[in-house]
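Have a look at the structure below before the remarks.
The values are calculated or read from the model by the stated rules, or taken from the named source; none is laboratory data. A quick note: this is a predicted structure, and the numbers were derived from the prediction, not measured. Quick reminder, even Gly has a Cβ in these numbers, built from the backbone with ideal geometry, and neighbours come from all protein chains shown. Calculation scope for accessible area: heavy atoms of the full protein, side chains included, ligands and nucleic acids excluded. Shrake-Rupley method; radii C 1.70, N 1.55, O 1.52, S 1.80 Å.
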Amino acid sequence: MNKAQFIKSLVPHFNDSKKEATHAVEIVIDAITRNMAKGEDVSIAGFGKFRKIQRKARVARNPFTGEPVKVKAKTVARFTPAKVLKEIVAGTRKMEAAPKPAPKPVVKAAPKKAAKKAAPKKAAKKAAKKAPKKAAKKVAKKKKK
């Protein structure tokens with residue numbers, strides 16, 4: 001799993017906000033990195049311990065030629081997994097149920113107001129033209145009788 005996949009797996013826990021999930025992951029990584037750079041250990045219960053260590057200068061051997069090679073002293077990051085993590089990875093211990101994302105709040109739609117539709121202008125004009133003609137025809141029929 002890479003960082004993008006990790007963020008994607010956290011999105012449901014942040015109300016489907018990829019931006020918030022990304023921000024949370026960035027904050028955690030930044031906090032671990034900054035504290036390790038200061039020389040402090042970062043210990044997460046049930047997961048493991050991150051720490052900064054000094055490696056001494058040494059003489060190693062080139063695996064192809066067999067000749068000795070000098071390796072300089074350097075500072076490196078080391079992660080030591082917690083006992084619980086080791087047991088889960090080895091399969092000797094079962095994991096607890098994964099936390100479920102918080103249910104999404106249900107937003108009810110506001111009732112819509114009945115909108116009065118105005119008659120289109122063309123239809124209103126046609127009705128106005130027909131009305132006098134119909135009235136005139138009715139009057140003419142009454143006179144014939």
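For a distance above 14 Å, tell me the whole-number percent of Cα pairs in the range 46-94 that qualify.
66
In the range 6-91, which chymotrypsin sites (Phe, Trp or Tyr not before Pro) are in a loop and have at most 16 other Cβ atoms within 10 Å, using DSSP for the loop call?
The qualifying sites are Phe47, Phe64.
List, in the order given, every pair from Lys52/Lys86; Lys52/Lys94; Lys8/Lys74; Lys19/Lys86 whose Cα-Cα distance in the structure shown is over 29 Å.
From the list (Lys52/Lys86; Lys52/Lys94; Lys8/Lys74; Lys19/Lys86), the Cα-Cα distance tops 29 Å for Lys52/Lys94; Lys8/Lys74; Lys19/Lys86.
Please report the accessible area of Arg78 (heavy atoms, 1.4 Å probe, ligands and nucleic acids excluded) in Å², nearest 10.
90
Tell me, what ³J(HN,Hα) does each residue in the range 7-22 have, in order and in whole Hz, if you take phi through Karplus 6.51 cos²θ - 1.76 cosθ + 1.60 with θ = phi - 60° and put x for Gly and Pro?
4, 4, 6, 8, 3, x, 7, 10, 6, 6, 9, 5, 4, 5, 5, 4
For Phe50, what is the net charge nearby, where nearby means another residue's Cβ is under 14 Å from its Cβ and Lys, Arg count +1, Asp, Glu -1?
Residues near Phe50 contribute +3 overall.
Any chance you could look up the accessible area of Asp41 with a 1.4 Å probe, heavy atoms only, rounded to 10 Å²?
Here the residue's solvent-accessible area equals roughly 80 Å².
When only the heavy atoms of the protein chains count and the probe is 1.4 Å, how do Thr33, Thr80 rank by accessible area, highest first?
Sorted descending by solvent-accessible area, the residues read Thr33, Thr80.
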